[in-house]
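Trainee: My questions will all concern the structure given below.
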Amino acid sequence: MLVEDSQVISLLQEIHLFYGLDEARLEQVARHFTQVFYEPDQVIIPENQAGGTFYIILEGEVIVSRKINDVDIENEILVAGTFW
């Protein structure tokens, strides 16, 4: 599903980091986003690797986990509309 700029702007308006920006500024910000698709169980950011990307979850879920003593411990589940 390709997302229109207007959908990205609607999502940005709901994120506290972007509160107070007018629509023209939000349009500028929206142009910097690139839609990326991930397969189920695909690692997005490996543990102990710096993530330099701002992600907004458009659909589905993302599990944030960490390995402790070789066991994956689920820390958080991100759902549509949340960001990381």
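Trainee: Would you check if there is a residue in region 3-12 being outside the structural domain of residue 83 (by TED's automatic domain parsing), more than 16 Å from residue 79 (Cα to Cα) and outside any helix (DSSP H, G or I)?
Mentor: yes
Trainee: Filter region 37-84 down to the residues that are exposed (fewer than 12 other Cβ atoms within 10 Å of the Cβ), under 12 Å from the mean Cα position of the chain (by Cα) and on the phi > 0 side of the Ramachandran plot and list them by number.
Mentor: Listed by number, the list holds a single entry, 60.
The values are calculated or read from the model by the stated rules, or taken from the named source; none is laboratory data. As the structure is a computational prediction, the values presented were derived from the model and not from experiment. Note: ideal-geometry Cβ built from the backbone for every residue, glycine included; neighbour counts use all protein chains shown.
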